[in-house]
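First the structure, in the form of structure tokens, and then the observations on it.
Just so it is clear, none of the values below were taken in a lab; they were calculated from the coordinates. Note that the structure is a prediction, hence the values are computed from the model and not measured. Heads up, the Cβs are rebuilt from the backbone with ideal geometry, glycines too, and the neighbour counts pull from every protein chain shown.
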Amino acid sequence: MARTRLACRECHHINGPDSQSCDHCGSSSLTEDWAGYVVITHPEESEIAVEMNVTEPGGYALKVR
Ligand SMILES: [Zn+2]
């Protein structure tokens, strides 16, 4: 069974299940409690990316609790 990956509460970046801190922003505020995986390839052209303040391409959680 795949283990739950960890979403960053600060930037919503999705990190590996064993991550201690966010690969993207360095925050240690990671949670398994997230929903809605989105891959953003062109942040500058994406309304979702603008709404989420995403500037780097990658995988992100739509909702982080
Ligand atoms: Zn982060």
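Under the rule of -39500 (n - 2.57) per DSSP H run of 4 or more residues, summed and divided by the residues of the chain, what mean residue ellipticity at 222 nm is obtained, to the nearest 500 deg cm²/dmol? Don't skip to the end; give the middle numbers.
On the way: 1 runs with 6 residues, N = 65.
Roughly -2000 deg cm²/dmol at 222 nm, from the helical runs in the chain.
Within the chain, the GluC sites (Glu not before Pro) that combine a DSSP coil assignment with at most 12 other C-beta atoms in a 10 angstrom radius are Glu32. Under a model in which nothing but the beta-carbon of Lys, Arg (+1) and Asp, Glu (-1) is charged, the chain shows a dipole of about 320 debye around its Cα centre.
Which shape class applies to the range 6-64: rounded if a/c is under 1.5, otherwise prolate when a/b exceeds b/c and oblate if not, where a ≥ b ≥ c are the square roots of the Cα gyration tensor eigenvalues? Write out the running numbers ahead of the final one.
Numbers: a/c = 2.07, a/b = 1.69, b/c = 1.23.
Verdict is prolate for the range 6-64.
Pairs of Cα atoms nearer than 8 Å and 6+ residues apart set the relative contact order; for the chain it is 35 percent. For Lys63, the shell of other residues with beta-carbons less than 15 Å away shows a net charge of -1, using +1 for Lys and Arg and -1 for Asp and Glu.
Electrostatic tally near Thr31: other residues with Cβ closer than 12 Å to its Cβ, Lys and Arg +1, Asp and Glu -1, net +1.
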